[in-house]
Amino acid sequence: MDEVEKIIRIGGPVVMVLAVFSIAALTVVFWKCWQFWMVRGMNSPQVELVLQHIEKKDHAQAQLLMGGRRNPRTRLLSRGLQLLSGAHLSPADLREELTRIARRQLNQLGSHLRILEVVAMVAPLLGLLGTVLGMISAFQAMETAGTQVNPALLSGGIWEALLTTAVGLSVAIPVSLANSWFERRIEVAAAQLSDDMGRVVAAYVGAGEGGDEVCQDQPPGGAATAVRGAESP
C-alpha cells in the first residue's frame with residue numbers, strides 16, 4: 001500500500017487519473033464477467049436439441065427442453081416458438097422480429113464495453129503526457145541549476161517522468177486484452193444467433209419454400225458491428 005501511495009505521489013495528477021481509470025475498468029470487467037457467467041450455456045447441447053425439435057415442428061417438446069434456461073439463444077428461440085405457435089406471419093415479418101430480438105440480446109452483451117475501449121486508448125496517452133510534463137520539469141530544474149547540475153538529480157527526475165508511461169501501459173494492456181476477449185465472445189454469440197434465426201425461419205417456410213430467401217438473411221445487426229454502434233457507455 002505504501003508503494004502505491006508513493007507511486008501516486010511521485011506521478012502526480014496524471015497517475016491519480018490513471019488510478020481512477022483502472023478502478024472504472026476493473027469494475028466493468030467484473031460486471032461483464034458476471035454477466036457472461038449468468039448467460040452461460042449458450043453452447044449447451046440442449047440448445048441444438050431445441051432447434052432440431054423446432055425443425056421437426058415439435059414445438060411442445062422444444063419448449064419443454066428449454067426449461068428455465070435464460071441466455072440470448074434461448075430467449076431468441078423462445079420468442080421464435082411464440083411466433084410459430086401464434087399468428088401467421090410472412091417469412092419477412094418473422095425474420096424482422098427475430099432480428100430485433102437478436103440485436104437486443106447483443107446490445108445487452110455489449111453494454112459498457114465502450115468504457116474499456118476508452119481506457120485502453122487514453123491510458124497510454126495520459127502516461128505519455130505525464131512523461132512529457134515530467135521531462136519538462138526535469139530540464140527546467142537543470143536550467144535553473146546552471147553549471148551546478150547534479151547528475152543524480154537529473155536521472156531521478158527522468159525516471160519519475162517515465163513512471164507515468166509505465167503506469168499508463170500497465171493499465172491499458174490488460175484492459176485491452178479483456179476488451180478483446182469480451183468482443184470475441186459477442187462475435188461468437190452473434191454468429192450463433194444468426195444461425196439460429198436462419199434455422200427457425202427455414203423451419204417456418206418449409207423444406208421446399210423460401211430456401212433462397214432464407215440463405216440471404218443478414219446476420220443480426222451485422223454481428224458485433226451493430227453492438228458497437230448501439231451500445232451505451
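The values are calculated or read from the model by the stated rules, or taken from the named source; none is laboratory data. Note that this is a predicted model, so its numbers are computed, not measured. All Cβ positions, glycine included, derive from the backbone under ideal geometry; neighbour counts span all protein chains shown.
The C-beta contact set for the stretch 183-198 (first residue more than 15 Å from Lys32 (Cα to Cα), second residue among the acidic types (Asp, Glu), distance under 6 angstrom, 6+ apart or interchain) comprises Gly198/Asp217. In the stretch 108-140, what residues are at pLDDT below 85 and either within 28 Å of Gln35 (Cβ to Cβ) or touching a helix residue (DSSP H, G or I) at 6+ places or on another chain (Cβ under 6 Å) (or both)? Passing the criteria: Gly134, Met135, Ala138. A Cβ distance below 7 Å, combined with a sequence gap of six or more or placement on separate chains, defines the contacts here; from the stretch 34-54, residues that are under 14 Å from Arg75 (Cα atoms) reach residues that are in a helix (DSSP H, G or I) and among the acidic types (Asp, Glu) in the pairs Leu51/Asp196. Among what's in the stretch 28-70 and is of a type in the set (S, T, N, Q) and either touching a helix residue (DSSP H, G or I) at 6+ places or on another chain (Cβ under 8 Å) or modelled with pLDDT under 85 (or both), pick the residue that is surrounded by the most Cβ atoms within 10 Å (Cβ to Cβ). Taking the candidates together, the pick is Gln63. Considering the stretch 71-97, the residues that are out of contact with any Leu (no Cβ under 7 Å at 6 or more places or on another chain) and not in a helix (DSSP H, G or I) include one that is modelled with the lowest pLDDT, namely Ala87. Among the residues of the stretch 57-79, those identified as among the basic types (Lys, Arg) and touching a residue at least 60 places away in the same chain (Cβ under 8 Å) are Lys57, Arg73.
Scanning the stretch 67-103 for residues that are aliphatic (A, V, I, L, M) and under 16 Å from Ile186 (Cα atoms) turns up Leu76, Ile101, Ala102. Are any of the residues in the stretch 200-223 of a type in the set (Val, Ile, Thr), at pLDDT below 90, within 30 Å of Leu116 (Cβ to Cβ) and assigned to a helix (DSSP H, G or I)? Checked against the condition, which is being of a type in the set (Val, Ile, Thr), at pLDDT below 90, within 30 Å of Leu116 (Cβ to Cβ) and assigned to a helix (DSSP H, G or I), the stretch 200-223 yields no hits at all.
Of all residues in the stretch 83-106, none are exposed (fewer than 15 other Cβ atoms within 10 Å of the Cβ), of a type outside the set (Lys, Arg) and closer than 30 Å to Ala172 by Cα.
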